[in-house]
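Computed from the coordinates by the stated procedures, all read-outs in this text should not be read as laboratory data. This one's a predicted model, so the numbers in the text were calculated from it and none came from an experiment. When we count neighbours, we look across all protein chains shown, and the Cβ atoms used for this are built from the backbone with ideal geometry, even at glycine.
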Amino acid sequence: MKTLLKLLLLTGLALITLCAVAQKQKNIVIDPSLEANSEALKIKLGTQVMGKMAKYQFGEYAVVEGRAGRTKTSERSNLLDTRQEVKAKSNFSFVMADNADNRATIHAFVDQEIRETREQKLIAFFYTGEDELLLNKHNFSATIFLNKDTANLWLLFMNRETGSRSENTGRAFLTNGERKILILSASSDKNGTDSRKIPARGYELVENDRALSALQYYGGGVLGLNKGLVWIDKQLEPPQKLVLSSAMTALLHLHYNELSEMDSPDFYDDW
């Protein structure tokens, strides 16, 4: 009887361990040092009304006010509609605070341009043109001010191009002119441990090979938008944590607004 109980106990512990490993693999893979010096903070969406940003919250950081700007779109095409060009611009802004009521003010801008050719049927079996994505250019930028101090300014840049005529000049970073923090793509399938068709996705913010923070904006699977997580190195000073939290929230809002609209789910994969 004791042997059976011991066997059941060991089996139960093994199952718990396997479940924990499986759950861990469902999140993006982050640097071991960051994982050891942080905790996974669940992102809460909060309330959202027309024209306002959702009041995102994680840990001690929360959006206390925010505005979601409108998207302005323009389109044009040639006479036969075989060549099309679409341009879209939008913006949003918000204020983020920590528990000590330090505040960061963020203004973000999105600029996207898509050029493509399309095959069109003329008559019977005669066609003209061909389907081809020439360029999908997406520029995202944001300014971050701490406590309304315009001298304490950080800039966030994220640029990405795809298409047959793109120059493939993707880059993403956060800077104050002296420091440069790279924004690198992250995935739950980095080590080939996530067999899901759509893995979890996010970013790591890295300075001089040290991971300072990480964002999981999509948790993978069908309900991935409800599995947002943030990691912030506990050893950082409060102002740096607030800057990183603000930058990650800007990226989070960008993805929550646009993830379903992108032509390809891999649009942000290769930074």
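Assorted remarks:
- The slack between Leu45 and Lys72, meaning 0.36 nm per residue of separation minus the straight C-alpha distance, is 7.2 nm.
- Gyration tensor verdict on the stretch 181-245 (Cα atoms; rounded if a/c is under 1.5, prolate if a/b is larger than b/c, oblate otherwise): prolate
- Cα-based shape type of the stretch 22-173, given that a ≥ b ≥ c are square roots of the gyration tensor eigenvalues and the cut on a/c is 1.5: prolate
- Within the stretch 140-210: Cβ-based charge dipole about Cα centre, in debye rounded to nearest 20 (Lys, Arg +1; Asp, Glu -1): 220
- Prolate is the label for the stretch 209-250. Its Cα gyration tensor axes, ordered a ≥ b ≥ c, give a/c of at least 1.5 and a/b above b/c.
- Reachable aspartates and glutamates, given that their alpha-carbon falls under 12 Å from the alpha-carbon of Lys52 and they are not under 8 places away in the same chain: Glu65
- Greater than 32 Å apart at Cα, pairs in Lys72/Lys234; Lys89/Lys180; Lys42/Lys197; Lys72/Lys190: Lys72/Lys234; Lys72/Lys190
- The listed peptides 70-76, 143-149, 200-206, 167-173, ordered by packing as a protection proxy, come out as 200-206, 143-149, 167-173, 70-76 (highest mean of other Cβ atoms within 10 Å first).
- The stretch between Arg118 and Thr169, if pulled fully straight at 0.36 nm per residue, gains 15.9 nm over its current Cα-Cα span.
- Electrostatic tally near Arg210: other residues with Cβ closer than 10 Å to its Cβ, Lys and Arg +1, Asp and Glu -1, net -4.
- When the alpha-carbon atoms of the stretch 20-91 are used, the pair Rg, Dmax equals 20.7, 60 angstrom.
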